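What follows is a single structure, written as structure tokens, with notes after it.
The values are calculated or read from the model by the stated rules, or taken from the named source; none is laboratory data. Not measured: the values here are computed from a predicted model. Cβ placement follows ideal geometry from the backbone for every residue including glycine, while neighbour counts extend to all protein chains displayed. Ligands, DNA and RNA are excluded from the accessible area calculation, which covers all protein heavy atoms including side chains. Shrake-Rupley method; radii C 1.70, N 1.55, O 1.52, S 1.80 Å.
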Amino acid sequence: MTFMYVNMFGKLLLVFFLIVTSCGKKKENTVVETVAPDGVQLQPQPFGTNLSGAEFGANVPGQHQQDYSYPLVTDLDYFKSKNMMLVRLPFKWERVQPVLYGPLDPVELKRLTDFIDAAAVRDILIIPDVHNFARRVVNGNREIIGTSLVPTTAFTDFWGKLAEVLKTKKNIWAYGVMNEPFNMPSNIAWFSIAQATINKIREIDQKTAILVGGDSYSSAERWPQVSENLKTLRDDTDNLIFEAHVYFDDTSAGTYDGTYDQEKATPQTGVNRLRPFVEWLKTNKKRGFIGEYGIPDDDPRWLVVLDNMLKYMKENNINGTYWSAGPRWGTYRLAIQPRNGIDRPQMQILQNYQTTSPTQK
């Protein structure tokens, strides 16, 4: 009789322990996991940086190591040491595909894929970013995609060929279709180009996410006015991510020509400029990403603006990549490339918004 009660009491204690433990785990998971609009739970997405160099140079295509160059493996090692496990890699379309509808240049393609492979060894995820502003240089002039000189089919041809190469890479976080379209000839021009590109990529690759930037330089602040129609883009795999950019100077251009006070900045400038994009995502149940944001290194008040915005992003399950880093920046005030082995001031904030387990496809 006594043994029976003890045994029953022991079982009750065990059940109580399992319930408490289970509840504790559930609570912990809701803190570290995000929830996609369709209710699918995701691992926390990594924050990171742009690594510039391959998009440099007014001379296009230009000479490698003179007009432009790719970042170094030592750059990857540095940012991995800071737990920045996502790299947006800007490059020029003209250099990877010198002739419209032609083959990808094997030398340039190898430079691109060698860097991606070096990142893979370090478990770093890559966003290959076509940094062309919805344009291509033709006979020395920058022509808008979708015109007779640069047909949309030429751009989709490029992405089809590039996706064929990159689809087997395990560390592609998403395809960055195009950096900062602007001054398009109509309000449907960029939508049509983006949809055609999505369709082409999905003929080749049904798994990798596709990043679609907004019009008007992908402005987060102006997104509902200039990029509202992007909500109707179709992807049969339901794996689109919308990319916005945000800067905190008076013009939102990221030039920071004046001081903090001259730029009329406040601690909430970043949050206020990002909010229209975040509200658009919520209303339309879309996934978002901030591909560029950056601050000067010469006034600690900018650090507060950056910190507040990153906190707001994290609260809303949006990750991003800082602008910018890379060995060719020199004394550029926004750059977080270390100088003489010393971290830049922005790093003290950025390190607080990283994830330890990047999500791979």
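Using a Debye calculation, one point per C-alpha and no hydration shell, please list log10 I(q)/I(0) for segment 244-361 at q = 0.14, 0.15, 0.18 Å⁻¹ in order.
-0.60, -0.68, -0.96
What is the percent carbon and sulfur in the accessible area of the chain, measuring with a 1.4 Å probe over the protein chains and ignoring ligands?
Numbers: 9280 of 16690 Å².
The value for the chain is 56 percent carbon and sulfur by accessible area.
So, for segment 65-128, what is the accessible surface per residue at a probe of 1.4 Å, expressed in square angstrom?
Working: 2400 Å² over 64 residues.
Solvent-accessible surface per residue comes out at 37 Å².
Taking the Cα centre of the chain as origin and charging only Cβ (+1 Lys, Arg; -1 Asp, Glu), how large is the dipole, in debye to the nearest 20?
For this selection, approximately 1020 debye.
Which order, highest average first, do 205-217, 139-151, 64-76 follow once you tally other Cβ atoms within 10 Å for each residue and take the mean per peptide?
Per-residue Cβ counts within 10 Å, averaged per peptide and sorted highest first, yield 205-217, 64-76, 139-151.
In nm, what is the difference between 0.36 nm times the number of residues separating GLN351 and LYS110 and their Cα-Cα distance?
Values: separation 241, 0.36 × 241 = 86.76 nm, distance 3.14 nm.
Result: 83.6 nm gained on full extension.
Give me the number: length gained by fully extending HIS64 to SER186, i.e. 0.36 nm times residue separation minus the C-alpha to C-alpha distance, one decimal in nm.
On the way: separation 122, 0.36 × 122 = 43.92 nm, distance 3.55 nm.
Length gained between HIS64 and SER186: 40.4 nm.
Students often get this wrong, so check it: of LYS167/LYS200; LYS167/LYS282; LYS80/LYS264, which have C-alpha atoms separated by over 23 Å?
Distance filter (> 23 Å) returns LYS167/LYS282; LYS80/LYS264.
If you compute Cα extents along the principal axes in Å for the structure shown, which of [x] 61, 53, 50; [y] 96, 49, 41; [z] 116, 45, 31 do you land on?
From the options [x] 61, 53, 50; [y] 96, 49, 41; [z] 116, 45, 31, the structure gives [y].
Points 7 angstrom from Cα along the Cβ direction at GLN262 and ASP157: gap in nanometres?
4.8 nm
For n ≥ 4 DSSP H runs only, could you compute -39500 (n - 2.57) per run for the chain, divide by its residues and tell me the 222 nm figure to the nearest 500?
Values: 11 runs with 135 residues, N = 361.
After summing the helix terms and dividing by residue count, I get -11500 deg cm²/dmol.
Would you work out the charge dipole size for segment 259-315 about its Cα centre, treating the Cβ of every Lys and Arg as +1 and the Cβ of every Asp and Glu as -1, and quote it to the nearest 20 debye?
The dipole of segment 259-315 has a size of about 600 debye.
Anything in the chain that counts as a DSSP H helix reaching 20 Å or more along its axis (C-alpha) with Kyte-Doolittle mean of at least -1.0? List them, would you?
Correct list, ordered by number: 2-32, 106-121, 152-166, 189-204, 269-284, 300-315.
With the other protein chains left in place, how much accessible area per residue, in square angstrom, belongs to segment 280-319 at a 1.4 angstrom probe?
That works out to 40 Å² per residue.
What distance in nm lies between label points placed 7 Å from Cα along the C-beta direction at VAL138 and GLU203?
That separation, rounded to one decimal, is 2.0 nm.
Roughly what % of DSSP beta bridges within the chain run antiparallel, to the nearest 5?
Working: 7 of 36 bridges.
Rounded to the nearest five, the antiparallel share is 20 percent.
Over the Cα atoms of segment 70-175, how large are the radius of gyration and the largest Cα-Cα distance (Dmax), in Å?
According to the Cα coordinates of segment 70-175, Rg and Dmax are 14.8, 47 Å.
Placing +1 on the Cβ of each Lys and Arg and -1 on the Cβ of each Asp and Glu in segment 88-242, which of PRO106, VAL138, PHE155 has its Cα farthest towards the positive end of the resulting dipole?
Looking along the dipole axis, the top candidate is PRO106.
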